[in-house]
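See below for the structure under consideration.
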Amino acid sequence: MIYLKTSGNLSSYGFLNVTNFLQNVSCWSVMNIHYIHRCEMASRMPDCRYISNFFNYFLLMYCTFKINNKITEVLVLLMFALLYCLFLCIVYVAIGNYFLPTLKIAALRLRINEYLAGVLLVGVATATPDLLVNTAPVRAQSYTFNIAMSSCLTIICLSGGAVCFIRPFKMNGHCVFRDLLFLLFVVELVRLFIKDTYLKPWVKGVMIMVIYPVYIIINIVDMLLLRLEIRKLRRDVEYMRQSQASIQHNRVLAEKVVQLATLEEEDEIQFFETKLFGKKTFKTGFFVTPKPLIRHKEIDVESNRIALHSKDNSKNLFLFSDFFHAINPINPEVWYLSGGGARFLIVLTAPVNFMLRLLIPYVDYQRAKHGWTKLLNCLQIVLTPFVSTSLVESMIYNRHSAWYTVPQFKLAVWTLVITVPLAITVFINSRTDIPPSYQFLYVVISIPAVIILCWICAWEMDALITIMGIGLDLEPSFMSITFNTVSGAAADFISHVHLAEHGYGKMAFGAIIGGSVFNIVINVGTELVKQTKLDANGQVILFDTTGETIYIFLVITIVTTLWWSLTFNFVARRSAGVFMWSLFILFIFYSVAIEFEWVHGFEDSPHIVPS
């Protein structure tokens, strides 16, 4: 949330002729002056162009729609709420259909286990758009540590609660405990650096950012030690099976077999048949974790790859029919099996589905041919880098015509020099009935494309939610730790819920903790190195008085998560999910009470003299 850069009587039209005022005032203050002056203020304020991404919403509101009363403004804000839902829909479809299947393939190719895949791939990938939004002008006046802590609190409570509520799973106990303690250490270290005035800010920033590589190395070493122990146990089991049997021998052998099975389960990452999830569960109470009655089975990746292959087929058999079927945004089978409400949603999301199917390569080992469509995938070699580069270039140049950004293609055109010959080569050397062996390399263009889309959507969603909050006369500090944070965590929440629904609870929980560590370390470390907001002592301002409240609730969240994990022997249960949701609701209620001055926050008050 952007704070006002100046104060005073903003309704005075005389300020429009003061250059210094226009240079120093925030664009968010436009909504505080009289309606007849808002268009001119939005047109002349440099900050309105600076904080805009693809759309200048203030010019759209007050110059295009020419809002002149509160009722019209509320109607336009409702339209913005629908636009917010559109961006959220893009994020939901992009992550669920393209991002997570690709990350699972990347994890399989890197030969890492499910938990480390969550920490290293999903956690970093989902936290990256929020990191990029934090560096954007829309949050130039925000307090970095406030946002980082509230984001971690939101993700742990909402996403962690959802993961525990949806499906039962056995956590990687020692990994979860270690990483939660690591997160607590990072939070306390930043708090220590805030109070320290001896070290230079950039030194603190470097020290904090070094923590994340150490954290990843510890996770990788832990996985390697786990595999060493598995190999040792396998040798012991094989040796004992060939040894003379006895009661003591059989007992030790059984213990080793059980231990080996447990460690192998922690080390594996598999592809499961997802269509069985959500089907036929044992009906219990709301707080009781349901047990699936149908056990999901592992996917045979190679069988799916060659399912439709025959040497007698032509290389371009069904070339165009496959293409038109792949870009069809409405799945005929899903449409046939859906009711009226579901079909209405399918029609509403069809434009988003069509755009994403055309722009983002689809690779999924659960599908026949792994989702390969020869003509479409060859076109995407050209389209995806071109569009991604153009979007980033347009954001960097930030040239507006009226209320929208003018697309830029100067750098994007140069991608064609590489991608067009590459697409032609792939088309000549590939078949329609089987994907090429290098199909997994599509992750190189799909993952950045989804991250860029999520970054753009997160930026626009943050701007929209801020405008709606100002329209409701909410305080900037309250908005930044509630609505803005929840909005920013939407992509993470969608990712984690999608993984949990498809049986990857360990990956989701690893992403929740690993992403939180990444979020605090990189955001705070970057802010300390940049030194954009300094106080009178030359120290970087990382949080304000509301940060104390967030800090207390975040520490409570981490400690209680450690507590219930140990209590349940690291088995995720539905009651744990409800508990985490309740904790977040309590935080929201307390923040609302502080906003309306019903209670006092945890910060020191100059108006209260301690006894």
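The values are calculated or read from the model by the stated rules, or taken from the named source; none is laboratory data. Here the structure is a predicted model, which is why all the values come from computation and not from measurement. Cβ: placed from backbone, ideal geometry, glycine included. Neighbour counts: every protein chain shown. Just so you know, the surface numbers come from the protein's heavy atoms only, side chains and all, with ligands and any DNA or RNA stripped out. Shrake-Rupley method; radii C 1.70, N 1.55, O 1.52, S 1.80 Å.
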For Pro435, the lone unmet condition from (1) in a helix (DSSP H, G or I); (2) crowded, with 20+ Cβ neighbours inside 10 Å is (1)
Anything in the stretch 491-517 that is within 14 Å of the chain's Cα centre (by Cα) and surrounded by fewer than 24 Cβ atoms within 10 Å (Cβ to Cβ)? List them, or say none.
Phe493, Ile494, Val497, His498
What tally of residues in the stretch 48-79 results from selecting those that are in a helix (DSSP H, G or I) and more than 15 Å from Tyr404 (Cα to Cα)?
10
What residue, among those in the stretch 375-411 that are of a type in the set (A, V, I, L, M) and touching a Phe, Trp or Tyr at 6+ places or on another chain (Cβ under 7 Å), is least open to solvent (accessible area, probe 1.4 Å)?
Leu376
Which residue pairs have Cβ atoms under 7 Å apart, sit 6 or more places apart or on different chains, and have a first residue in the stretch 96-114 that is among the acidic types (Asp, Glu) and open to solvent by 10 Å² or more (accessible area, probe 1.4 Å) and a second that is assigned to a helix (DSSP H, G or I) and modelled with pLDDT of 85 or more?
Glu114/Lys506; Glu114/Met507
Between a residue in the stretch 224-243 that is in contact (Cβ under 8 Å) with a residue 24 or more places away in the chain and any residue that is among the charged types (D, E, K, R), which pairs come within a Cβ distance under 7 Å, given they are 6 or more apart or on different chains?
Leu226/Glu266; Leu226/Asp267; Arg227/Asp267; Ile230/Glu264; Ile230/Asp267; Leu233/Lys256
Applying the selection to the stretch 438-472, what residues are more than 22 Å from the chain's Cα centre (by Cα), open to solvent by 30 Å² or more (accessible area, probe 1.4 Å) and closer than 23 Å to Ser52 by Cβ?
Met468, Leu472
Verdict on Ile418 being part of a helix (DSSP H, G or I), surrounded by fewer than 17 Cβ atoms within 10 Å (Cβ to Cβ) and of a type in the set (A, V, I, L, M):
yes
Restrict the check to the stretch 320-332 and report whether at least one residue is buried (at least 18 other Cβ atoms within 10 Å of the Cβ), over 30 Å from Cys63 (Cα atoms) and among the hydrophobic types (A, V, I, L, M, F, W, C).
yes
Can you tell me which of Leu183, Leu158 is touching a residue at least 12 places away in the same chain (Cβ under 8 Å) and open to solvent by 40 Å² or more (accessible area, probe 1.4 Å)?
Leu158
Out of (1) open to solvent by 80 Å² or more (accessible area, probe 1.4 Å); (2) modelled with pLDDT under 70, the odd one out for His34 is which?
(2)
Among the listed residues Leu293, Leu276, identify the single one that is at pLDDT below 85, closer than 25 Å to Ala500 by Cα, open to solvent by 40 Å² or more (accessible area, probe 1.4 Å) and touching a strand residue (DSSP E or B) at 6+ places or on another chain (Cβ under 7 Å).
Leu293
